Amino acid sequence: MEPARGADDSDWARDTPCQGWNLRRLVAHMTAQHRGFAAAARGVGGELEYWREPERVGDPAAAHRAAADAVLSAFAEPGVPEREFVLPELGGGFAGRTAIGFHLVDYVVHAWDVAATLGVRLRLADEVLVAALAVARRVPVDPAGRGPGFAFAPALKVPEGAGPLEETLRLLGREPQSWPGTGG
């Protein structure tokens, strides 16, 4: 899914499932994460400028597309899964394969956030959803590390029979039923 594809000027001010963030801020965050993970794949993830959200972007969707292209190119380089990625927000270095998993689950959840904001259904391949769920199940659920100021809200109860997207969203603190029609 290409975030905010088809969003018009009035959509950028819409509230998102990310408490306190409008669509413009959410896409700026996603853009910065793509740039940061691309830098980490190239061995310069410790340089904080790559992780900063752009302050003023005339076309947030175009900036996001360029950053997404950069991270996909960086991840496709030979040997990337075996490299160490420095991820300052997480306090250090991680195996490339693990770091790519972190970025995958973050992107799936934020893609859903964008879809929910725009009132459209998110459609992702089953393989992507299953992979994201595997990562989400490994995120610590300790309440001391969840909530305001942390990467994820407190985990929510997962109903029996939930699909992989709904389970991922709930494990990471999203309430899909609060945003109807999004396929959560």
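The values are calculated or read from the model by the stated rules, or taken from the named source; none is laboratory data. Everything numeric here is computed off the predicted structure, so don't read it as measured data. Don't worry about glycine lacking a Cβ; one is built from the backbone with ideal geometry, like all the others, and counts go over all protein chains shown. Only protein heavy atoms, including side chains, enter the accessible area calculation; ligands, DNA and RNA are left aside. Shrake-Rupley method; radii C 1.70, N 1.55, O 1.52, S 1.80 Å.
Does segment 2-51 hold any residues that are in contact (Cβ under 8 Å) with a residue 60 or more places away in the chain, more than 28 Å from residue 80 (Cβ to Cβ) and of a type in the set (Gly, Ala, Ser), and which are they?
Of everything in segment 2-51, those that are in contact (Cβ under 8 Å) with a residue 60 or more places away in the chain, more than 28 Å from residue 80 (Cβ to Cβ) and of a type in the set (Gly, Ala, Ser) turn out to be 6, 7.
So residue 131 fits all but one of (1) within 16 Å of the chain's Cα centre (by Cα); (2) under 21 Å from residue 31 (Cα atoms); (3) open to solvent by 10 Å² or more (accessible area, probe 1.4 Å); (4) not charged (D, E, K, R); what number is the exception?
For residue 131, the failing item is (2).
Across segment 52-97, what is the number of residues that are without any contact (Cβ under 8 Å) to a residue 40 or more places away in the chain and either of a type in the set (S, T, N, Q) or touching a Leu at 6+ places or on another chain (Cβ under 7 Å) (or both)?
2
Just to be sure I understand, how many residues within segment 76-97 are at pLDDT below 95, in contact with a strand residue (DSSP E or B) (Cβ under 8 Å, 6 or more places away or on another chain) and open to solvent by 60 Å² or more (accessible area, probe 1.4 Å)?
0
Filter the helices (runs of 4 or more DSSP H) completely within segment 23-136 down to those with at least 1 residues that are in contact with a Lys or Arg (Cβ under 6 Å, 6 or more places away or on another chain) and either under 20 Å from residue 153 (Cα atoms) or among the hydrophobic types (A, V, I, L, M, F, W, C) (or both).
By residue number, 23-41, 60-76, 96-118.
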